[in-house]
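Colleague: Submitted below is the structure of interest, expressed as structure tokens.
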Amino acid sequence: PPYPIFVSGPVVKGYGRGGKQLGIPTANLPEHTVDAALQNIPIGVYYGWAQVIGDGVVRPMVMSLGWNPYFKNQKRSGEVHIIHGFDDDFYGKEMRVAILAFVRDERDYACLEDLVKDIQFDIRVALVSLQREEYCKIKDDLFFSIS
Ligand code: ADP
Ligand code: MG
């Protein structure tokens, strides 16, 4: 697919597993956004930029798009971990996401520790890759400056 892919929507409640079990909270995109805007995007892990409206700052993110085989989800979900320590939850807030690149396919895991290790590696890949000038420029895109 042609990158960047811009998507936005209010952050919805998931199953409450990302943060609590893994120490890696993921802000879930609404079902219709995943079904419509991301319907032709292969499942897997991506990185890019994300912004929570109200906060405004454009921050690095890793996104999982898929079925989460470890948790045996029934529905495809789009979940964004923003690489930043927030003081509070931001359910219901509008989130804007620019998907810039595919990292890897979705995997299944024998244990949670292996899943967490992979996500931590994805985060490092994202932080290094996002330093590229062509990616940094996207932070200045009109998409992120509309109020
Ligand atoms: P849920 O299953 O409801 O998505 P999570 O355990 O994945 O629950 O936690 C996600 C929520 O945590 C987000 O909706 C957001 O409000 C909050 N949150 C706090 N910090 C972050 C972060 N760095 N990235 C994404 N979400 C975060
Ligand atoms: Mg989540």
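The values are calculated or read from the model by the stated rules, or taken from the named source; none is laboratory data. None of the values given here were measured: they were computed from a predicted structure. Don't worry about glycine lacking a Cβ; one is built from the backbone with ideal geometry, like all the others, and counts go over all protein chains shown.
Colleague: Can you go through GLY48, GLY56 and tell me which one is more than 16 Å from ligand 2 (Cβ to nearest atom), more than 16 Å from the chain's Cα centre (by Cα) and of a type in the set (Gly, Ala, Ser)? Steps first, answer last, please.
Modeller: Details: GLY48 fails: more than 16 Å from the chain's Cα centre (by Cα).
GLY56 is the lone residue from the list that is more than 16 Å from ligand 2 (Cβ to nearest atom), more than 16 Å from the chain's Cα centre (by Cα) and of a type in the set (Gly, Ala, Ser).
Colleague: A follow-up question, please. Working only within segment 1-43, note down all residues that are more than 16 Å from PHE86 (Cβ to Cβ), among the β-branched types (Val, Ile, Thr) and modelled with pLDDT under 95.
Modeller: THR33, VAL34, ILE41, ILE43
Colleague: Only one residue in TYR91, TYR109 is of a type in the set (Ser, Thr, Tyr), over 21 Å from LEU142 (Cα atoms) and within 8 Å of ligand 1 (Cβ to nearest atom). Which one?
Modeller: Working: TYR109 fails: within 8 Å of ligand 1 (Cβ to nearest atom).
After ruling out the rest, the residue left standing is TYR91.
Colleague: Scan segment 27-42 for residues that are in a loop (DSSP other than H, G, I, E, B) and more than 16 Å from ligand 1 (Cβ to nearest atom) and jot them down. Reasoning before the result, please.
Modeller: The initial filter retains those residues of segment 27-42 that are in a loop (DSSP other than H, G, I, E, B), namely 29-30, 37-42.
If the condition is that a residue be in a loop (DSSP other than H, G, I, E, B) and more than 16 Å from ligand 1 (Cβ to nearest atom), then ALA37, LEU38, GLN39, ASN40, ILE41, PRO42 are the ones that fit.
Colleague: Right, something else. Which condition does TYR109 not pass, out of (1) outside any loop (DSSP other than H, G, I, E, B); (2) touching a helix residue (DSSP H, G or I) at 6+ places or on another chain (Cβ under 8 Å); (3) among the aromatic types (Phe, Trp, Tyr), if it passes all the others?
Modeller: (1)
Colleague: Can we say VAL45 is within 10 Å of ligand 1 (Cβ to nearest atom), assigned to a strand (DSSP E or B) and not aromatic (Phe, Trp, Tyr)? Please lay out each step first, then the result.
Modeller: Working: within 10 Å of ligand 1 (Cβ to nearest atom): no; assigned to a strand (DSSP E or B): yes; not aromatic (Phe, Trp, Tyr): yes.
Against the criterion (within 10 Å of ligand 1 (Cβ to nearest atom), assigned to a strand (DSSP E or B) and not aromatic (Phe, Trp, Tyr)), VAL45 does not qualify.
Colleague: Next question. Report every pair of residues separated by at least 6 positions or lying on different chains whose Cβ atoms are under 8 Å apart, first residue within segment 77-105 and over 19 Å from GLY66 (Cβ atoms), second among the polar types (S, T, N, Q).
Modeller: Once the first residue is over 19 Å from GLY66 (Cβ atoms) and sits in segment 77-105, its partners that are among the polar types (S, T, N, Q) give GLU94/SER8; ARG96/SER8; ARG96/GLN51.
Colleague: Same structure, new question: Of a type in the set (Phe, Trp, Tyr) and more than 13 Å from ligand 2 (Cβ to nearest atom) - does that describe any residue in segment 60-67?
Modeller: Keep residues of segment 60-67 that are of a type in the set (Phe, Trp, Tyr), which gives 67.
Right, trim to more than 13 Å from ligand 2 (Cβ to nearest atom) and you get 67.
Scanning segment 60-67 turns up at least one residue that is of a type in the set (Phe, Trp, Tyr) and more than 13 Å from ligand 2 (Cβ to nearest atom).
Colleague: Name the pairs: first residue in segment 28-52 and within 20 Å of ASP105 (Cβ to Cβ), second residue assigned to a strand (DSSP E or B) and at pLDDT below 90, Cβ to Cβ under 8 Å, at least 6 apart or on different chains?
Modeller: ILE43/GLY66; GLY44/GLY66
Colleague: Do the conditions hold for LEU22, that is, is it more than 13 Å from the chain's Cα centre (by Cα), within 14 Å of ligand 1 (Cβ to nearest atom) and among the aliphatic types (A, V, I, L, M)? Working first, answer last.
Modeller: Values: more than 13 Å from the chain's Cα centre (by Cα): yes; within 14 Å of ligand 1 (Cβ to nearest atom): yes; among the aliphatic types (A, V, I, L, M): yes.
Taking the combined requirement at face value, the residue satisfies it.
Colleague: Can you tell me how many residues within segment 62-91 are modelled with pLDDT of 90 or more and within 15 Å of VAL45 (Cβ to Cβ)? Working first, answer last.
Modeller: Going residue by residue through segment 62-91, those that are modelled with pLDDT of 90 or more are 62-65, 77-91.
Still in the list and also within 15 Å of VAL45 (Cβ to Cβ): 62-65, 77-83.
Looking only at that region, the number is 11.
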